[in-house]
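Below is one structure; the comments refer to it alone.
The values are calculated or read from the model by the stated rules, or taken from the named source; none is laboratory data. In this text the structure is predicted, and so the values were computed from the model without any measurement. Cβ: placed from backbone, ideal geometry, glycine included. Neighbour counts: every protein chain shown. For accessibility, only protein heavy atoms count, side chains too; no ligands or nucleic acids. Shrake-Rupley method; radii C 1.70, N 1.55, O 1.52, S 1.80 Å.
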Amino acid sequence: MPERTESDSRKLLRRLRDSLAVPGRGQDRLDQITHLIADSMRTEVCSIYLFRDPETLELCATEGLKKDAVHKTRMKLGEGLVGRVAKSGLPINAADAPSEKGFRYMPETGEELFSSFLGLPIQRVGEKLGVLVVQSKTARQFSEDEIDALEVVAMVLAEMTELGAFTGDEDGMKALHKQSVMLRGTSGQEGSAEGHVWLHEPRVVVTNPVADDPLTEIDRIRDAVGQLRVSVDDLLAAESLDKEQKQVLEAYRMFAHSRGWLRRMEEDIALGLSAEAAVEKEQSATRQRLEQVPDAYLRERLHDLDDLSNRLLRILTGQGRDTGAELPENPVLVARNIGPAELLDYGRRLRGVVLEEGSVGSHAAIVARALAIPLVIHASRITQEALNGDHIMVDGDQGIVHLRPEETVARAFRDKIAMQAAAQQRYASLRGLPATAKCGTTIALHMNAGLMADLPSLEGSGAEGVGLFRTELQFLVRSKMPQRAELAALYARVMDAAKGRRVAFRTLDIGSDKVLPYMKPQDEPNPAMGWRAIRVGLDKPGILRMQSQALIRAANGRPLTVMFPLITELGEFAEARSHVLREVHREKSLGHPIPATIEIGAMMETPSLAYAPKAFFDLTDFISVGGNDLKQFFFAADRENELVRRRYDTLNLSFLGFLEQIVARCRQSDTPLSFCGEDAGRPIEALALSAIGFRSLSMRPASVGPVKALIRSVNLNEARAVIDKAREDGAETARPALMEWLATQGE
Ligand code: PEP
Ligand code: MG
């Protein structure tokens, strides 16, 4: 067999491109392409299989197999040699295909006549599109050169598929990015939204996968890589970087300067690809490796390489984030992941957010919650499926996303949004009224906050004040440790916005899932039970003191409320409290105004604290139950772990009994008590908490209305009796009994 040369390869690519330029049916093009490839590769067979749906491949064109099999032969992902190529994303090169593991005989194709088989994935930056196969009668292995040439062809086919060159008229094969898709993820923030996709990292569209002149393309890629290197060097030269950030960027720089990377791209160009297509081919290979590397460090580095490829594509095409494109109407942000600061930049302009990665406790989720934007996380494939401007519906309650929905789905979804809006109006009419139950007991409803962006909700929600201000958010959205003056100005603005209403500032709660980008992460085996919250505050009192000073200065003579996260024993509270008081004295001695009154409280987030000595309850000015953490430690169920986080019910009677003990101890010592975990914002849970004696609840602003409406409609003594009866009856949880009872209650 004569050697294939670079010019053979370029000739084939050019003929492929020309076939695209002729107007015609997608099927005619596919037929012509398989013919061209078989001819150029000197094989009897060339077939193209494309995905019909994410699990099924379909033979869409063939030269050499029986034509009757086209659009009839199908296989599942992983099934037969073709299915294996698609699943693994790796080529299979077999001299004797029928004896290969997994070979599946398909009589309708007449396939048994062919011995050698070379199958390559058709994929574009991680998106699986199909499989390209060549086969011949003589039993032989395909050479490295042939594989390289066919890989380049597969890349061009991927670009053509993406451009919609083969779709439109065939037997149910709809165009990519046109079908309606429902993706099931996880709820990150409740609420529903309808709008248009805004890709945080827009896809770069490569319209010219084949190059006429390799020399020009080589110049272009060298020039672009040169620009990329300069921009990465500039990043590294920034003065504000600490040692760790430098180390990370050094690895990044190393990739940008890698000769192997550039060489591989140049080789692909020599075979006929354009500079852009060569970058994408390398990027696809990187993504492929990413899927297979279990080591977290290596994965991170491969992510770097992926990111560099994106930058390079943006340089080459002039497309990308900074194209000045306008946000569409009702934008729904779609991204693989996003940092809290970037999300904050978009702010309330967004109607919804859909992420492929993320976690319930991630910083982005925290910000989305603060902005009350519906959020769905773990929506796999969304960045590959969605195009800018696509119609999208986000169901943050169920964690479901409808992309390009059918009209019936869209109608049902709109009904749901309308119902929610009607309920919101009903809640708005209760805004000025207290949450007084039918028995006459009033529950104080406060809101949780953490960003300036939250404060406008204080007016709108009808909350009495801020029961939990998570100060760590201000630390998390910055790239370096904020200064005291900066924090003081911010806290002052928070107090101004609260207009005299109480704001309970919680001191820095970092560690566990909340890692500051500028603090060395600890390699802890179990971070939720590790060096976090007040433990960090007491071991590094400099930060606690700086924060206390900022709060005292912000108060500027006004009342101040401070509380500490994750207090586990009396001694910790006493020590943290003394740090704050020392700062008050210091400010006073400097002649600065000190707060008119100062309340210092503890968050009860570990069961141990419920059994603390009486002195603890006497020393605290108030106690706030952090139900999210308290519940995770009570049930030993990680709040971040999808497998267990919903496993135990908050209305479990053991847990309610435990909470009642806390209520009783606070009553004995006359210590004001509130509850500020997520459960406080869930109406049934809030009702149960009120029934067992909580008189103050703090929740996300959007929950104040629903919780108030429910409390006003019931008698808490009766609810209490229902809970007690469920316990007497030996129930595990009070939920069924409460739900049954609620069903008998009128509005
Ligand atoms: C809690 O643990 O319930 C709480 C309010 O604090 P966070 O969710 O910030 O840990
Ligand atoms: Mg907590």
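In region 591-607, the residue that is farthest from S674 (Cα to Cα) out of those that are within 16 Å of ligand 2 (Cβ to nearest atom) and touching a strand residue (DSSP E or B) at 6+ places or on another chain (Cβ under 6 Å) is E605.
Here E79 meets each of (1) within 19 Å of H35 (Cα to Cα); (2) surrounded by fewer than 21 Cβ atoms within 10 Å (Cβ to Cβ); (3) modelled with pLDDT of 90 or more with one exception, condition (1).
The set of residues from region 414-445 being of a type in the set (G, A, S) and open to solvent by less than 70 Å² (accessible area, probe 1.4 Å) comprises A418, A421, A422, A423, A428, A435, A437, G440, A444. Could you check, for region 318-326, whether at least one of its residues is at pLDDT 75 or above and either open to solvent by 50 Å² or more (accessible area, probe 1.4 Å) or under 21 Å from the mean Cα position of the chain (by Cα) (or both)? Yes: one or more hits. When T408 is tested against (1) among the β-branched types (V, I, T); (2) in a helix (DSSP H, G or I); (3) within 25 Å of the chain's Cα centre (by Cα), exactly one condition is not met: (3). Scanning region 658-710 for residues that are in a loop (DSSP other than H, G, I, E, B), open to solvent by less than 30 Å² (accessible area, probe 1.4 Å) and away from ligand 2 (no atom under 16 Å from the Cβ) yields T671, I692, G693, F694.
Filtered by the rule that a residue be in contact with a Gly (Cβ under 8 Å, 6 or more places away or on another chain), in a loop (DSSP other than H, G, I, E, B) and farther than 28 Å from I269 by Cβ, region 12-53 gives R25, E44.
Is it true that L344 is of a type in the set (A, V, I, L, M, F, W, C) and out of contact with any strand residue (DSSP E or B) (no Cβ under 8 Å at 6 or more places or on another chain)? Considered against the rule, which asks whether it is of a type in the set (A, V, I, L, M, F, W, C) and out of contact with any strand residue (DSSP E or B) (no Cβ under 8 Å at 6 or more places or on another chain), L344 comes out as yes.
Yes or no, residue by residue, for (1) in contact (Cβ under 8 Å) with a residue 60 or more places away in the chain; (2) more than 16 Å from ligand 2 (Cβ to nearest atom); (3) surrounded by fewer than 18 Cβ atoms within 10 Å (Cβ to Cβ):
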position	(1), (2), (3)
W531	no, no, yes
L538	no, yes, yes
Q549	yes, yes, no
L609	no, no, no
P613	no, yes, yes
F617	no, yes, no
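Checking A636, A610, A615 one by one, the residue that is modelled with pLDDT of 95 or more and within 26 Å of P559 (Cα to Cα) is A615 and no other.
Can you tell me which residue in region 566-590 is farthest from ligand 2 (Cβ to nearest atom), limited to those that are acidic (D, E) and open to solvent by 20 Å² or more (accessible area, probe 1.4 Å)?
Ranking the candidates gives E575 first.
Might you check whether a residue that is buried (at least 18 other Cβ atoms within 10 Å of the Cβ), over 21 Å from P565 (Cβ atoms) and more than 16 Å from ligand 2 (Cβ to nearest atom) occurs anywhere in region 631-648? Within region 631-648, one or more residues are buried (at least 18 other Cβ atoms within 10 Å of the Cβ), over 21 Å from P565 (Cβ atoms) and more than 16 Å from ligand 2 (Cβ to nearest atom). Among the residues that make up region 502-514, is at least one of them open to solvent by 20 Å² or more (accessible area, probe 1.4 Å) and either more than 16 Å from ligand 2 (Cβ to nearest atom) or under 14 Å from A554 (Cα atoms) (or both)? Yes, because at least one residue in region 502-514 is open to solvent by 20 Å² or more (accessible area, probe 1.4 Å) and either more than 16 Å from ligand 2 (Cβ to nearest atom) or under 14 Å from A554 (Cα atoms) (or both). Of the numbered criteria (1) open to solvent by 10 Å² or more (accessible area, probe 1.4 Å); (2) at pLDDT 90 or above; (3) under 26 Å from S284 (Cα atoms); (4) among the β-branched types (V, I, T), the one V133 fails is (1). Being more than 16 Å from ligand 2 (Cβ to nearest atom), over 22 Å from S698 (Cβ atoms), of a type outside the set (K, R) and more than 21 Å from the chain's Cα centre (by Cα) holds for only one residue in D496, D523, and it is D523. Scanning region 59-72 for residues that are within 14 Å of T34 (Cβ to Cβ) and either in a strand (DSSP E or B) or in contact (Cβ under 8 Å) with a residue 40 or more places away in the chain (or both) turns up L59, C60, A61, T62, E63, G64, L65, K66, A69, H71. Within region 448-463, residues that are hydroxyl-bearing (S, T, Y) sit with their Cβ atoms under 6 Å from residues that are crowded, with 22+ Cβ neighbours inside 10 Å and outside any strand (DSSP E or B), at 6+ positions apart or across chains, in these pairs: S457/P701; S461/P701; S461/V704.
The strands (runs of 3 or more DSSP E) found wholly in region 528-646 and carrying at least 1 residues that are touching a Gly at 6+ places or on another chain (Cβ under 6 Å), within 22 Å of A492 (Cα to Cα) and within 16 Å of ligand 1 (Cβ to nearest atom) occupy 560-567.
Can you tell me which condition P482 does not meet? The list is (1) in contact (Cβ under 8 Å) with a residue 40 or more places away in the chain; (2) part of a loop (DSSP other than H, G, I, E, B); (3) open to solvent by less than 20 Å² (accessible area, probe 1.4 Å), and all the others hold. In the conditions (1) in contact (Cβ under 8 Å) with a residue 40 or more places away in the chain; (2) part of a loop (DSSP other than H, G, I, E, B); (3) open to solvent by less than 20 Å² (accessible area, probe 1.4 Å), P482 misses (1) alone.
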